[in-house]
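Data first, discussion second: the structure below is written as structure tokens.
The values are calculated or read from the model by the stated rules, or taken from the named source; none is laboratory data. These numbers were taken from a predicted model, which means no experiment stands behind them. Here Cβ is always computed from backbone atoms with ideal geometry, including for glycine, and neighbour counts include all displayed protein chains.
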Amino acid sequence: MLKNGKEPRTGGNDMTLEEQLNNQLKGLEQHLQRVEEKIDCLLKKIDLQSEVSTEEAEGDDVSASLETEVASNLATEREKLTTHNLEIIVRDYLRDIGVPANIRGYSYLIDAIIMGINDFNCISMITKLMYPTIAKNHQTSPTGVGRAIKSAIEVAWNKGNFGFQQKIFGLVVDSNKGNPTNGEFIAKSAEHIRLNLK
């Protein structure tokens, strides 16, 4: 022991071994804290980049989904517009032929002619495809559709524009029957309108 009551110091330092160890421990703790802060900072950057990537990916998904939805809506609107315009053309045609709008067969004929314009092959399946489809849309029976269409054609032939009918149907109409069959009427009407649309 020295005069001042302190123990001798080793290695020419003014600190005791315990103080040196405590200082080194504090230094290591500070170094460890800085390393942990750097690790936290790096993890936050990684999380942020991951969130940005996820948001970009989700943004791309949302963008693609939105584009698909807009395209689908546009196609639906175009189809509605085309169907609506086609329906107006068919209505005008039926009026010119002489089919009155106040009978059931009128709306069935509109559907039948539009179906024939869109897919001419369905005319060959008038009783197996066309009548059942129209019946389902109007909540009635296929035979009811056939009868109502036949009645509408008969009314048109008895009271309609004979000159216009002859112009469209010409030799298709059987002179013994006086008016075309349902299939003949729908096929010739669909063909006439389709050719005039071009």
(request) Mind listing whichever residues of region 95-137 are closer than 20 Å to residue 156 by Cα, assigned to a helix (DSSP H, G or I) and of a type in the set (Gly, Ala, Ser)? (result) 105, 107, 112, 116
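Of these, 110, 97, which one is among the β-branched types (Val, Ile, Thr) and over 31 Å from the mean Cα position of the chain (by Cα)?
After applying the criteria, what remains is 97.
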(request) Take the residues in region 136-167 that are free of Cβ contacts under 8 Å to residues at least 60 places away in the same chain and of a type in the set (Phe, Trp, Tyr), then tell me which one is surrounded by the fewest Cβ atoms within 10 Å (Cβ to Cβ). (result) 162
(message) Suppose we filter 99, 70 for residues that are at pLDDT 90 or above and of a type in the set (A, V, I, L, M, F, W, C); which single one remains?
(response) 99
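Quickly run through region 110-151 and pick out the residues that are basic (Lys, Arg) and under 20 Å from residue 100 (Cα atoms).
147, 150
Can you say whether residue 163 is under 22 Å from residue 100 (Cα atoms), small (Gly, Ala, Ser) and at pLDDT below 90, as far as the supplied structure shows? Walk me through it before giving the result.
On the way: under 22 Å from residue 100 (Cα atoms): yes; small (Gly, Ala, Ser): yes; at pLDDT below 90: yes.
When the stated conditions are applied, residue 163 passes them.
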(message) I need the full set of residues from region 140-175 which are under 16 Å from residue 105 (Cβ atoms) and not in a helix (DSSP H, G or I), in order please.
(response) 140, 141, 160
(request) Answer yes or no as to whether residue 90 is surrounded by 13 or more Cβ atoms within 10 Å (Cβ to Cβ) and in contact (Cβ under 8 Å) with a residue 60 or more places away in the chain. (result) yes
